[in-house]
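Remarks on the structure that follows.
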Amino acid sequence: MLFNTIDFWVFFGGVATLVLALPRRYRWLLLLVASYYFYMRWNASYALLLLLSTIVDYSCGRALTATSSVRSRRLILLVSLAVNLGVLFTFKYWTFFHESMAWFFGRIGASYEVPALSVLLPVGISFYTFQTLAYTIDVCRGVQQPERHLGYFALYVSFFPQLVAGPIERAGRLLPQIRSPRAAEVDRIQTGLQLALWGLFKKVVIADRLSIYVDGVYGNVTAHTGLTLLVATYFFAFQIYCDFSGYSDIAIGTARVLGFDLMKNFERPYFACDIRDFWRRWHISLSTWLRDYLYIPLGGNRGRPASVYRNLMVTMLLGGLWHGAAWTFVAWGGLHGLWLAVSRATLASRTELWRRFGVPNVVRDGVRMVICFHLVCLAWVFFRASSFADAFYVIRAIVSKPGGIYVDVLTFGHVAVGLAVLLTVEALQSMGGGTIRPLIQGLPAPVRWAGWYALVLAIVLLGVESGTQFIYFQF
Amino acid sequence: MSTPSNGTENPLRFVLTAVIFVGGLFLVDRGVATLLDFAFSFTTTGEGSGQANSALANRDRDVVFFGSSRARQQFDPQVVHDEIGLSAYNAGANGQGLYYARLLERLMLGRGSSARYFVLQVDEQEVFGVTPARVGFLRPFAREEPLVGRVWAEADPYGLVKLRASGTYRYNSVFLSMMWNLLRHREADEDGFVPRDAPARENVQVAAEPSPRGTGSAHLPSHESRELIQEFVLDARRSGIRTLLVSAPTFVEATTGDGVPPESLPEREAWATLAEWARDLDIPYLSINQVTYPVFARQDLYLDSVHLNVEGAEILSRIVARELAAMEAGERAAPAQPQETP
């Protein structure tokens, strides 16, 4: 059930009505049933994996409280890691591992007889696995009290607005909201729906329109000129942003209507002035997860510069692999690791350079923004291309044979309208300290209403209505 | 029971506001839809918008061609006029499948077309399976022709609900194209024919389009396709219009010798099936291919494997014109399999 389908909105409307009507003490049960129904609409049998992850981490959490022995606690944590990562490996990475091994053994002339495994990737497995792992690690570290109520914990793992593509919530944030549900608030319902509407606009008007061009070009890269490939890469940068942030907005907005606050996942990432800033703004729930549960345990910023760069690189390589079982994703992560390491290594000299030239701040930030955007786009080439050969072809073509540009007037028209609205809103958000809510509330009611009507009509008139899957569902 | 509460707002007031908002949205939607209907009626160009208006405006020509780009780029009404003196209009459109053609026909008949012949070009892959692709371009006519809505509902389970709930929804994905073509003030093609002498700048979506070699693994004829063709023919017949079924040439490189495509070729199955359907419906069928017209074994007549260049289109148009002349003279009552090359 995709957020951009009528099915979902009918389902959500029913659930939200019941949530508002039912006594608060039953809310968790209703939401748990709704969440499992939501997941089982995709594939009923894979709900068992969700259940397995829930029971294992609930049990590990409980077991961790029953012992103070460091060794036992480590063993319990190891069980959680083994089960969760084992399931993730089997369902997401086995084929990739198998093919890589077969390729490697083939290269060295050895035989490789391990059977292939043909399984469907469970939707959202990377997200809920990281969410449950975070819980168990936090309990093991003593920063999170274990949840006693299995139902509450099961809802924490399966809460439908963020189940299949995040934000990856921390137990310390979501569990208290499940235990003590909020009273329904008019303002929350209103702002939640408004945010969801904005997310839907980003998804169906911008991302899905861009995908028509991007899929066509990246589906057959050798048939296109460098300039067309460059435009397709820029388009992909906005497609994936609007697709994923659109999803996140709908998740956060619908959760808000149901009485829950989810963490912000995006903060206008293409306004970032350097790559470190970009990662503070892009997929925040994942980047903070990687920081807290991988980068810092690896040593983080501590130690010699070489160790820090190694930590950065390992974190980003694994972050790339988290996205998808393909070497191109690893390369994407590796490039970001490299950008982060170089950014860190050159920070002082760059600051000094800007100071020496006396460039006004606004120009400096603009230049840095453009550079950062292009570094991100270069990495997107590997993320989007179906193979290294395609990725290298795209880069070579952009550099060496720009040629003409393929213009699909209709798609370009839709994209121009969509991006103009997006960038205007984001520029206003930047000027308003991250939100345009005060600006909106300051407008006369007829203007506000006209704005919302325009947004709805834009979705109806310009949106792609085929119910295209969200890109991050495949991760 | 939990009650919606807010320190500053009354929940009842919120519900009332929500109702007023939705009511206002309904009115705005209807108002905008009326404006769009008005604008659309002046749009005569654009694949995704006014092209259908042009076709409907020319519904009274003696001959009207239907079909995909293989009709639009290959049937020259001028040649038909020069050959047999009948006025003609090419209502083909890129991606116009059987559903699209059927709906366009219904709209023409609904407006009282006085045409004498409908020429329906069927792409081979459509014999094995049809989808309501691009039928969305005809949604602006959903109120005029209920069949548009019913067909759209096959492409989208909520299609009818959306069409009923929103007036502007009929212009989804058509809106910008419509405005663009309206503002450009480009004259509509006089006869709908769009000859090509160079390969078209392919739409980047082309990779997602069905293969001309058919999509069915076993190449089983589609019951749905047959029904669509039957309804097309019978509806036309009820209005006194005769139908000519045509399959335009496909260049087949892998031949058994002498330019003859192998028996196992899916296209050959499609041609045989179309011939059978035409026989059942008692209409002529013009199967134009390398077997029936060896001239089309010449690769230089093609822009790609399924589209002819200007020279190829002229040859094809002459063949069709002569078939129409034969129909006019009452010589063709049964499916034709001509062997001669004009």
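All of the numbers you see were taken from the coordinates with simple rules; none came from a lab. Keep in mind the model is a prediction, meaning the values are calculated, not measured. Counting neighbours? That spans all protein chains shown, and the Cβs are built from the backbone with ideal geometry, glycine included.
Report the antiparallel proportion of the DSSP beta bridges in the protein assembly as shown as a percent, rounded to a multiple of 5.
Numbers: 1 of 17 bridges.
Expressed as a percentage, antiparallel bridges in the protein assembly as shown total about 5.
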Hydropathy at least 1.0 by Kyte-Doolittle, axial extent at least 30 angstrom from the Cα trace: which helices of chain A, defined as entire DSSP H runs, fit? A:361-384, A:409-431
Given +1 on the Cβ of Lys and Arg, -1 on the Cβ of Asp and Glu, and no further charges, what dipole in debye does segment A:1-100 carry about its Cα centre, rounded to the nearest 20? 500
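Taking the Cα centre as origin and putting +1 on Lys and Arg beta-carbons and -1 on Asp and Glu beta-carbons, what dipole magnitude results for the protein assembly as shown, to the nearest 20 debye? Intermediate results must be reported in sequence, preceding the final value.
On the way: 73 positive and 68 negative charges, 1037 e Å.
Its charge dipole is roughly 4980 debye.
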Between B:Val119 and residues 5 or more places away or on another chain, the pairs with built amide H atoms under 5 Å apart involve B:Val64, B:Phe65, B:Phe66, B:Leu244
Spelling it out for B:Tyr302: with amide H atoms placed in the peptide plane at 1.01 Å from N, the residues 5 or more places away or on another chain with amide H under 5 Å from its amide H are B:Asn309
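So, counting K/R as plus one and D/E as minus one, what does the shell of residues with Cβ under 11 Å around A:Val460 add up to? Intermediate results must be reported in sequence, preceding the final value.
On the way: positive: B:Lys162, B:Arg170; negative: A:Glu465, B:Asp29.
Once all neighbours under 11 Å are counted, the net charge is 0.
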Count the net charge of all other residues whose Cβ sits under 11 Å from the Cβ of B:Ala236, scoring Lys and Arg as +1 and Asp and Glu as -1. +3
When only Cα pairs under 8 Å and 6 or more residues apart are kept, what is the percent relative contact order across chain A? 20
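If you average 1/r over every pair of different alpha-carbon atoms in segment B:1-101 and take one over that average, what Kirkwood value in Å do you get? Mind showing how you got there, number by number?
Numbers: mean 1/r = 0.0564 Å⁻¹.
The Cα-based Kirkwood calculation yields 17.7 Å.
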Tell me, what HN-Hα J-couplings in whole Hz come from the Karplus equation 6.51 cos²θ - 1.76 cosθ + 1.60 at θ = phi - 60° for each residue of segment A:160-169, using x for Gly and Pro? 4, x, 10, 5, 8, 8, x, x, 6, 8
Note: probe point = Cα of A:Asp261 + 7 Å toward Cβ; backbone nitrogen < 12 Å; residues of segment A:151-178 passing the test are A:173-174, A:177
Given the options B:Val151, B:Leu183, B:Gln125, identify the residue whose Cα lies farthest towards the positive end of the charge dipole of segment B:122-185 (+1 on Cβ of Lys, Arg; -1 on Cβ of Asp, Glu). B:Leu183
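A:Arg304: net charge of surrounding residues, Cβ under 14 Å, Lys/Arg +1, Asp/Glu -1, itself excluded?
Summing Lys/Arg as +1 and Asp/Glu as -1 gives +3.
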Proximal aspartates and glutamates relative to A:Lys401, as straight alpha-carbon distance under 16 Å, when same-chain residues fewer than 8 apart are discounted: A:Asp390
Dipole of the protein assembly as shown [Lys/Arg +1, Asp/Glu -1 at C-beta], most positive-end residue of B:Leu109, B:Thr44, A:Leu428: A:Leu428
Toy charge model, Lys and Arg Cβ at +1, Asp and Glu Cβ at -1: segment A:322-410 dipole around Cα centroid in debye, rounded to 20, equals 340
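Can you tell me the alpha carbon radius of gyration of segment A:123-254 divided by the globular rule-of-thumb value 2.2 N^0.38 Å? Kindly include the intermediate steps, with their values, before the conclusion.
Numbers: Rg = 19.2 Å, N = 132, 2.2 N^0.38 = 14.1 Å.
Scaled against compact globular proteins, the figure is 1.37.
Report the equivalent ellipsoid semi-axes for segment A:213-254 in whole Å, largest first, defined as the square roots of five times the eigenvalues of the gyration tensor built from alpha carbon atoms.
Details: eigenvalues 160, 15, 4 Å².
The three semi-axes for segment A:213-254 are 28, 9, 4 Å.
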Volume per residue, Å³, of the convex hull around the alpha-carbon atoms of the protein assembly as shown? 207
Paramagnetic reach from A:Phe392 in segment A:181-222 [backbone N under 17 Å; point 7 Å along Cα→Cβ]: A:221-222
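Obtain the radius of gyration and the Kirkwood radius of chain A from its C-alpha atoms and give Rg over Rh.
On the way: Rg = 23.2 Å, Rh = 24.1 Å.
Ratio of gyration radius to Kirkwood radius for chain A: 0.97.
Could you work out the helix-only [θ] at 222 nm for chain A, with each DSSP H run of four or more residues adding -39,500 (n - 2.57) and the total divided by the number of residues, to the nearest 500 deg cm²/dmol?
One gets -22500 deg cm²/dmol as the mean residue ellipticity at 222 nm.
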FRET efficiency, 1/(1 + (r/R0)^6) with R0 35 Å, evaluated for A:Arg173 and B:Asn10 via beta carbons: 0.70
Along the dipole axis of chain A (charges at Cβ: +1 for Lys and Arg, -1 for Asp and Glu; origin at the Cα centre), the most positive-end residue among A:Gly463, A:Phe89, A:Leu175 is A:Leu175
Taking the Cβ-Cβ separation of A:Ser45 and A:Ala82 as r and a Förster radius of 25 Å, what is the calculated FRET efficiency to the nearest 0.05? 0.65
For segment B:55-202, count all C-alpha to C-alpha pairs, find those more than 20 Å apart, and express that count as a whole percent of the total. 53
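According to the square roots a ≥ b ≥ c of the eigenvalues of the Cα gyration tensor, what is the shape class of segment A:298-393, taking rounded for a/c under 1.5, prolate for a/b larger than b/c otherwise, and oblate for the remainder? Show your work: numbers first, answer last.
On the way: a/c = 3.26, a/b = 1.38, b/c = 2.36.
Oblate, since a/c reaches 1.5 and b/c is not below a/b.
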Describe numerically, in nm with one decimal, the distance between label points set 7 Å from Cα along Cα→Cβ at A:Arg141 and at A:Val363. 4.4
Amide proton proximity set for B:Thr44, modelled H, under 5 Å, gap of 5+: none
Between A:Ala116 and A:Thr191, what FRET efficiency follows from the Cβ-Cβ distance if R0 is 56 Å, with the result rounded to 0.05? 0.70
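Of all trypsin sites (Lys or Arg not before Pro) in segment A:141-184, which ones are in loop regions per DSSP and have a Cβ with at most 12 other Cβ atoms within 10 Å? Before the final figure, lay out each step's value.
Working: sites: A:Arg141, A:Arg148, A:Arg170, A:Arg173, A:Arg179, A:Arg182; in loops: A:Arg148, A:Arg170, A:Arg182.
Those satisfying the criteria are A:Arg148.
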What lysines could a cross-link reach from A:Lys202, if we take a straight Cα to Cα line under 30 Å and drop same-chain neighbours fewer than 8 places away? A:Lys92, A:Lys264, B:Lys162
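From the Cα gyration tensor of segment A:1-143, with a ≥ b ≥ c the square roots of its eigenvalues, which class applies: rounded if a/c is under 1.5, or else prolate if a/b is larger than b/c, or else oblate? Don't skip to the end; give the middle numbers.
Numbers: a/c = 3.55, a/b = 1.32, b/c = 2.69.
It comes out oblate by the Cα gyration axes.
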Through the Karplus equation 6.51 cos²θ - 1.76 cosθ + 1.60, θ set to phi - 60°, convert the phi angles of segment B:92-99 into ³J(HN,Hα) values in whole Hz; use x for Gly and Pro. x, 8, 4, x, 6, x, 5, 4
